[in-house]
Each structure stands twice: as structure tokens, then as C-alpha cells.
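What follows is calculated from the coordinates using simple rules that are stated; it is not laboratory data. Keep in mind that what you see is a predicted model, and the values were worked out from it rather than measured. With ideal geometry, Cβ positions are generated from the backbone for all residues, glycine too; neighbour counts draw on all protein chains shown.
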Amino acid sequence: MIVFDLSCDNGHRFEGWFRSSAAFAEQDERGQLMCPHCGTSTVGKAPMAPAVPAKGNHSRPTGQAVEAARGEPSSQQGGAIPPALQDAMQKLAKLQAETIKHSTYVGDRFAEESRAMHYGEKDAALIHGKADAKEARALLDEGIALAPLLVPYTPPDEAN
Ligand SMILES: [Zn+2]
């Protein structure tokens, strides 16, 4: 294991653990590195501080280039998701849940409702619902702002 001090183009510094410096280079090249603070993938090596992991007493699956050296092992993913990314995902999930609390689920009427608000037929409100790629594209073309939900979400009408 090797640790690199990484920094993103927004000036955040964080640690990345890699199996080897080649594993780092490979992920860097594929754009798979991500800043845990702001999520940008414009990440590079900060001036390096070599270190050895404090705990070397349990081995993890080696199928993935990135292995978790800190944080809870993920039983579901077999440790495939770097802890920084897990953190980011959890924050995202929490943020999304918070947002949705103040948002009205409109299901299949998402496109319709978005347009009504955009054209002033309805008061603007936070909504979430379903739109297929074509609808989403059409809304964007009309200048209507929308964003995909980033973590899996079960619509109330499909929850059991
Ligand atoms: Zn950042």
C-alpha cells in the first residue's frame, strides 16, 4: 500500500491509498479519482508524504485498484468503494433525503409540473418525479433546470 497526498483544483487536500503507484497512475488516467470534499475529478498529486498503513493485520480483496485503508469495510461492496467515495455518497444521500423532505413527489407529472412552474402557470416549488431521458432533454432545451437524483430513490407510489 502506498499513500499519496492528493489535491483537487479547488485546493482541497486529502489522502488516497493505492496498491501501487502504477494503480494510482491508472486511475488518474481514467479520471476515476475524486475529491471527497467537492467531488471534482480534477485531482492530482500534492507534494508527496510517503507513509505506511498503521494497520497491516488484515488483508482485503485485491481485485480493485483502490482499497480502503480507513473507515468501515463495506460488506456489500467487498471494500471496492474507496472510503472517501463512501463518505461522499453518504453525504449525498443525506443531502438528497433532506432536499426531498421539502420537495413534493409528482411522479409521472414531473415534466408537466416543471413546465407549469417554468411558464408561471404555477408557483415555483421543489418537486421531484419521473422523467425519461427524452423528457429531461426536452425540459433542458426549454431552459428548465433539473437535476438527476444521484442516489437510488424509491418513489412513494412504488414503495411497499
Ligand atoms: Zn475538492
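For HIS118 and LEU95, calculate 0.36 nm times their separation in residues minus their Cα-Cα distance, and state this gained length in nm to one decimal. Walk me through the numbers before you get to the answer.
Numbers: separation 23, 0.36 × 23 = 8.28 nm, distance 2.43 nm.
Extending this stretch completely gives an extra 5.9 nm.
Please arrange LYS91, LYS101 by how many other C-beta atoms lie within 10 Å of their C-beta, fewest to most.
In increasing order of surrounding Cβ atoms, one gets LYS101, LYS91.
With each label modelled as a point 7 angstrom along the Cα→C-beta vector, the HIS37-GLU15 pair spans 1.6 nm. Counting only lysines at least 8 places from LYS45 when in the same chain, those with an alpha carbon closer than 27 Å to its own are LYS55, LYS91. In this structure, the amide hydrogen of GLU15, modeled 1.01 Å from its nitrogen in the peptide plane, lies closer than 5 angstrom to those of LEU6, counting only residues at least 5 positions away or on a different chain. Cross-link reach is defined here as a Cα-Cα straight distance under 16 Å, omitting same-chain residues fewer than 8 places apart; for LYS130 the aspartates and glutamates meeting it are ASP108, GLU112, GLU113, ASP157, GLU158. Scanning residues 5 or more positions from HIS128 or on other chains, those with amide H under 5 Å from its amide H are THR104, TYR105, VAL106, with H placed 1.01 Å from N in the peptide plane.
Cβ crowding within 10 Å ranks LEU92, LEU126, LEU85, LEU33 as LEU126, LEU92, LEU85, LEU33, fewest other Cβ atoms first. When you restrict to C-alpha pairs under 8 Å that are six or more residues apart and normalise by the size of region 102-141, the relative contact order lands at 50 percent. Listed values for region 80-89 are Karplus-derived 3J(HN,Hα) couplings in whole Hz (6.51 cos²θ - 1.76 cosθ + 1.60, θ = phi - 60°), namely 6, 8, x, x, 4, 6, 4, 4, 4, 4, and x replaces Gly and Pro.
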